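The values are calculated or read from the model by the stated rules, or taken from the named source; none is laboratory data. Everything quoted here is computed from the prediction, not taken from an experiment. Positions of Cβ are backbone-derived with ideal geometry, glycine not excepted, and every protein chain shown enters the neighbour counts.
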Amino acid sequence: MRRHIAIVGLIWVVLTFAGLIAAQVVFQPAVFSDKGQTIDGTFKTLLIMSVPVFTFVIAALGYSVIAFRHRGQPDEDGAPITGRGPLPLAWFVVTSVMALGVMVYPGLTELPNVVHLDPKPDVVVNIQGQQWQWSVKYPQTGAKSNAELVLPVNEKVGFQITSIDVIHSVWIPAFRMRIDAVPGLTTYMSFTPTAMGDSKTDSGLRLQCSQLCGTSHAAMFMPVRVVSAADFQAWQTANTPHIEPGSGQQLALTASAGAAKNGFDEKALTANSTDNITINFANNDPGTVHNIAIKNGDTVVGATDFKPGPGTQVLTVAPLPPGTYTFLCQAHPTTMLGTLTVK
Amino acid sequence: MTAAAAGLRPAPRPSVISGFVPILRGLLFAVIGFGIGAVIAMGIRLATGAQAWNPNETSAVGTIPSTEQIVTLGFIFAVPAWLMGVGFWGTTVRQWLGYKTNSVPTDWRRYLTTSEDHKVIGLQYLSTFVVVLLVAGVGAMLMRIQLSQPANQFLSPDVYNRIMSFHGIAMVSVAVAAVMGSFGNYFVPIMIGARDMAYPRLNALSFWLVPVVIVSLFLSELLGGWDSGWTAYPPLSVRNAAGQIMFNLAIIVFGLSSIFGGINFIVTVIKMRAPGMTWGRVPIFVWSVFAAAFLATFFTQFFAASLTMVLLDRVVGTNFFIGQGGAPLLYEHTFWFYSHPAVYIFVLPGFGMALEVLAHMSRKPLFAYRWAVAAFIGIVGMSGIVWAHHMFVSGMPSALLGPFLVTTELISIPTGLIFLSALGTVWMGRLWLTTPMLFALGFTFNFLIGGVTGIFLADVPTDISLHDTYFVVAHFHYTIIGGEIFALFAAFYFWFPKMTGRMLSERLGKLNFWMMFIFFNTTFLPMFWAGLHGMNRRIATYQSDLANVNLFISISALLLGSSFLVFVINVLYSLFSKRAPRASANPWKARTLEWLVSSPPPVENFPSTPIVVGSPYGYGTGGRPHAVFSIAGASDEEVSA
C-alpha cells in the first residue's frame, strides 16, 4: 500500500512538472487590449492551478488501471476498503478550500477589472446589430460606417450596443471582449486598444456576431482596425457625412393606421442623382413604432431612429448614384417597403 | 427469435403486420385528431372575420400566420388521439368507461403497443434513443463535412443551421432520456427488489409521448425547419420559419413525458423498495436516477413555460419577448433555470452508472458510498442556483456576475466527491478490464477534462473571452459524450446480457471502446484550441486560418462516427447470430439484485419478494450476500449469488 502511494506520488510530481512546462506554451493568439491582457493572464493562472488537480487524478487513475488490472476474471475480491474513515472528510475539506481559492483568485479579484465600465471614455462608439450586419456610429463626431470599426490605439473606448431585430453578440476575438446586443436594451463595454493592427494581418481583429441570429450568422462580421490617433481623426473626418438635415429634394411619405400590415401609403418614390435627398416621413400610425430607411441591396444608406406615431421623421442622405433602391421601415421590413428610383 | 418461440406453440404465428396495428391505428387517429383541431382553428378564424387559411401569407413581424395557428390547434388534438390509437383506448379508457379492456400481447408485439411492463418500456426507450443517437450523429457528420474547409459549399448556411439545431435538440433528448428512460426503467425496479414501477400506466404514457416528439421534429422540416438551435432564443425564435412551432410543441410534450417519468421514479424508489432495502443499501445507480428524477420533476416546467410563451407570441400575438415591452432576457433566465439543472439530469445517471460498474468490476466496495450519495444530493440542491453562468455576457446586471461565479464554482465540490469515490474504488482493486469497465474508466478520464475546463467557463473574466466559442463546444461535448454517452455505453455493455440473455463480443466491444475513446479525444481536444483562436460556435463557415485544425477535427469526427458502426455490428451479431454465446444469470459475478434472476428476467422479476440483508457492494468481506429469497426448502446460499 505504502509503495503504491509512493509511486503515484512520484508520477504525480513528474506529470505536474511536465504539465507546468507545457502550460508555458502560448495557447492564446496575439492580444490587442488592456482587458484582453487581464483575461489572458487569468486564463494562464487557471491553467497553472488546474495542472496539479488534473495530474493527480491521471496519476491515481492511470496507475490503478496498470497496477491493479487482472487478466480475465479476477479469482478473488479486492481489498474491502469502504472509505468510512477520515479520508473523505479530508478530501472534502481540501477540495472545498481549493474551490474557494479559485473563486476568490483569480475569479472575484479579476472580475471588476474586466467588467468595470469607464464612466468617461475618450471615444464613444455606438454599435447596432441587425440581421446580418453591423453598423457603428461615433456620436462625438457624427462619423459612421457599415464597412469597418476603426479605433484609436491607447485611448479608452466606451461602447453602447443594441440590436433592432434579434439578439446578436459583439465579439472581437483580438480584444477578448464580448457583450450581447439585445433588442430593447442597451448594453455597455469598455476597454483600451493597446496595439495597432488590422484584420488583414490578424483575423482576430473582426467584429464577429457570436450569438446565433439566423441564416447568415456565420458571415455577420466586420473588419476592425486599430490606428494611431492622427489616423483615427482623419478616418472620422472622411466618414462623417456632411449633410444639412432637410436639404436637397423633398419627398413626402406617409404611414397611416395599420401600416404594419398595409405598408406605406406611397409604394414608389423618384429622385434625381444630383442633389441630397430628404424624405419627410409622416408617421400617422398611432402607437406603432416605425422608422424610415433607404437600402442599396443589403446596405443601409441611411435610417432614422424608431419612434411611435403620430410624428414626423426627416431622413436626409447624400446624393445617390442612379439606380433602384429600397425605402422601408426596418421594424416591418417585409410589409412596409417601396422602391426609390434615382435617375 | 420469434420463429423459434412460435415453433414450440401450436398457435399460428402472428403476422408481422398485426404487430404494427397499434402504431398504424395511432397514426390514423393522430391524422384525424389533427384534422379536427385544424377545422376548429379555421372555424375560429372565420368567426372572427379572418380568412380560414392563407397559404401565401408573409411572416412579417406584427402579423399572425394562419398556418401556425391551424397547425398548433391540430397538434393539440393529434397528441391525445395518437395515444388513444396506440393502445391507451383499449387498455385504459375502456376500463374507465366500465368496458372490458383489451389485453396486451405477450410476444414480440408487446414492444409495439402500450405495455405496462417496465422492462418492455425500458427496451422501448433504449431502442428509440439508440436510433435517435445514430440519426443525430449523422447530422453531426454532415456538419463536420461542411466544416472540413472554410467557405465550403456542401451545405447552405440555412440548411447547416437547421441540421445543427436538429442535432442539438435530438442529442439533448438522448441525454435526458437515454440512460434514465431505458436503463432507469429497466433496472431501478429490479435493483430495489420491486415487481414494477409505482405507476406502470404512467410509465407507458411517458414513453408513448416520445414518438410524438421525434416525429414532430422531423415534420418541422415541412414547415421550413427551425434554425434557432436547441436554445431557441427569442426574438429569433419568434421571427424565423414556421417550423419553429413544431419544435416548441414537440419539446413541451417531451417535458410532459420527462415530468411523468420523474414523478414515477421518485415514488418508485421511496415506496417500492424490498424489505431490508434501507437507504444505505440502495445501489448507487438507483440513487443517481432518484436524484435526477427530482430535477426532472421540478425544473422541466420552466422550459415548457418559456417555450409556451414563445408559441403564444407567434400564434396569439402576445408580446412576452418581442415588440414594445418584450423582454428577451426573460426567456434566457427561464430557459436556463431548467436547462442548467438539465445537464445534471444528463450526467447524474452517468455518474451512478460509472460508479456502479467501477465497483463491480474492481471487485471492491464502492468507496465513500455515503459521500457519493451526499454529492448527488448536493448537486440537486445547488443545481437551481447556478443558471445565470450561461448569461455572463447577456447584458444582465453586472452585480449578478459575482454571485453566479461563486455558486457555479461551489458545485465543483460535490463533483469532486464523485472523483474521490471513483478513484478510491479502483485503488487496490482487482480490475477486470471488460468493455463496460473500459467505458467507465473512459468516463472518468473524459469527465475530468470536461470538469477542469468548466472552471475556465465559470470564471467570468475567461468566460467573456470563451463564451459561445468552440471552447464551450468542446467542454460540453466532453461532459455529455465523454461523460454521459460513455456511461451509456458502459451500461449497455454491462446490462445487455441481462436484458437479452446473449453476450456481446468482448473483442468487438474493446475495438468499439478504443476507437471511440481515441477518436473522441482527437475530435474534441483540438476544439479547445480552435475556440481560443477565434472560432465561434454555430457557424457554417469560419476564418481561413483555422482550416488545418478543422480538417483534422473533421477527419477525427468521421472516424469517431465509424466507431458506432462497430457497436451496431456487435449488437446485430449478438442478437441474430446463432453462434453468439448465451448469457448466464450473472456473467460479471456482480452482487446487485438484477444478477440474482435469470437473463432475461422473468415477467414478474423475482420468484418471490427478495429480502435485502447486506450491502450491494460487500466485496472482499466474505460476509452477507446482498439479498436472499425466502423460498421454502432452499437455503440462503443456494438462492443468493
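Here is how the numbers come out for the structure above:
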| quantity | calculated |
| --- | --- |
| Among residues of segment A:179-214, those that are at pLDDT 95 or above, closer than 23 Å to A:T38 by Cβ and of a type outside the set (G, A, S), counted | 14 |
| Leading residue by the ranking (farthest from B:F486 (Cα to Cα)) among those in segment B:452-462 that are part of a helix (DSSP H, G or I) and at the interface with chain A (Cβ under 9 Å from one of its Cβ atoms) | B:P461 |
| Identity of the residue in segment A:178-197, in contact with a helix residue (DSSP H, G or I) (Cβ under 8 Å, 6 or more places away or on another chain) and crowded, with 24+ Cβ neighbours inside 10 Å, that ends up farthest from the other protein chains (Cβ to nearest Cβ) | A:P193 |
| Sole residue being surrounded by fewer than 14 Cβ atoms within 10 Å (Cβ to Cβ) and over 19 Å from A:D180 (Cα atoms), chosen from A:D122, A:D75 | A:D75 |
| Selected residue [modelled with pLDDT under 95 and farther than 28 Å from B:V286 by Cα] from B:A632, B:A583, B:A627, B:A557 | B:A632 |
| Selection count, segment B:201-246, where residues are more than 16 Å from the chain's Cα centre (by Cα) and within 14 Å of another protein chain (Cβ to nearest Cβ) | 19 |
| Matching residues in segment A:4-29 - criterion: being within 11 Å of chain B (Cβ to nearest Cβ) and of a type in the set (S, T, N, Q) | A:Q28 |
| Residue pairs meeting the criteria (Cβ under 7 Å; at least 6 apart or on separate chains; first within 14 Å of chain B (Cβ to nearest Cβ) and over 14 Å from A:A255 (Cβ atoms), in segment A:330-343; second modelled with pLDDT of 90 or more and outside any strand (DSSP E or B)) | none |
| Unique match (being closer than 22 Å to A:V125 by Cβ and hydroxyl-bearing (S, T, Y)) among A:T237, A:T278, A:T270, A:T215 | A:T237 |
| Positions within segment A:190-223 being within 17 Å of the chain's Cα centre (by Cα) and of a type in the set (A, V, I, L, M), in sequence order | A:L205, A:L207, A:L212, A:A218, A:A219, A:M220, A:M222 |
| Candidates A:L108, A:L61, filtered to the one that is touching a Gly at 6+ places or on another chain (Cβ under 7 Å) and assigned by TED's automatic domain parsing to the domain that holds A:V13 | A:L108 |
| Any chance A:K200 is surrounded by fewer than 19 Cβ atoms within 10 Å (Cβ to Cβ) and part of a loop (DSSP other than H, G, I, E, B) | yes |
| Among residues of segment B:309-329, those that are touching a residue at least 24 places away in the same chain (Cβ under 8 Å) and surrounded by fewer than 16 Cβ atoms within 10 Å (Cβ to Cβ), counted | 2 |
| Of the criteria (1) β-branched (V, I, T); (2) touching a helix residue (DSSP H, G or I) at 6+ places or on another chain (Cβ under 8 Å); (3) away from chain B (no Cβ under 14 Å), which one A:T215 fails | (3) |
| Selection count, segment B:522-549, where residues are in a helix (DSSP H, G or I) and either within 12 Å of chain A (Cβ to nearest Cβ) or surrounded by fewer than 23 Cβ atoms within 10 Å (Cβ to Cβ) (or both) | 14 |
| Listing of strands (runs of 3 or more DSSP E) fully contained in segment A:224-343 that carry 3 or more residues being under 30 Å from A:K156 (Cα atoms) and either within 32 Å of the chain's Cα centre (by Cα) or in the same structural domain as A:P152 (by TED's automatic domain parsing) (or both) | A:299-303 |
| Only listed residue being within 14 Å of another protein chain (Cβ to nearest Cβ) and either basic (K, R) or crowded, with 20+ Cβ neighbours inside 10 Å (or both), chosen from B:F447, B:F494 | B:F447 |
| Output for segment B:533-552, where each listed residue is more than 19 Å from B:Q153 (Cβ to Cβ) and within 30 Å of the chain's Cα centre (by Cα) | B:M535, B:N536, B:R537, B:F552 |
| Top-ranked residue of segment B:577-633 - restricted to ones that are hydroxyl-bearing (S, T, Y) and more than 30 Å from the chain's Cα centre (by Cα), ranked as surrounded by the most Cβ atoms within 10 Å (Cβ to Cβ) | B:Y619 |
| B:I385, sole failed condition from (1) in a helix (DSSP H, G or I); (2) more than 8 Å from every other protein chain (Cβ to nearest Cβ); (3) over 22 Å from the mean Cα position of the chain (by Cα) | (1) |
| Residue check for A:S64: at the interface with chain B (Cβ under 8 Å from one of its Cβ atoms), outside any loop (DSSP other than H, G, I, E, B) and surrounded by fewer than 18 Cβ atoms within 10 Å (Cβ to Cβ) | no |
| Total residues in segment B:77-97, condition of a type outside the set (F, W, Y) and without any contact (Cβ under 8 Å) to a residue 40 or more places away in the chain | 5 |
| Any chance A:F32 is within 30 Å of A:R2 (Cα to Cα) and either more than 7 Å from every other protein chain (Cβ to nearest Cβ) or surrounded by 17 or more Cβ atoms within 10 Å (Cβ to Cβ) (or both) | no |
| The one condition in (1) part of a helix (DSSP H, G or I); (2) within 14 Å of chain A (Cβ to nearest Cβ) that B:E356 fails to fulfil | (2) |
| Selection status of B:M396, part of a loop (DSSP other than H, G, I, E, B), at pLDDT below 95 and touching a Gly at 6+ places or on another chain (Cβ under 8 Å) | no |
| Strands (runs of 3 or more DSSP E) completely within segment A:82-175 that count 3 or more residues being more than 14 Å from every other protein chain (Cβ to nearest Cβ) | A:123-130, A:133-138, A:143-145, A:149-152 |
| Filter result for B:F404 (in contact (Cβ under 8 Å) with a residue 12 or more places away in the chain, more than 9 Å from chain A (Cβ to nearest Cβ), of a type outside the set (D, E, K, R) and buried (at least 22 other Cβ atoms within 10 Å of the Cβ)) | no |
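Matching residues to (1) assigned to a loop (DSSP other than H, G, I, E, B); (2) closer than 21 Å to B:V215 by Cβ:
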| position | (1), (2) |
| --- | --- |
| B:Y99 | yes, no |
| B:S115 | yes, yes |
| B:K119 | no, no |
| B:F129 | no, yes |
| B:L142 | no, yes |
| B:I145 | no, no |
| B:Q149 | yes, no |
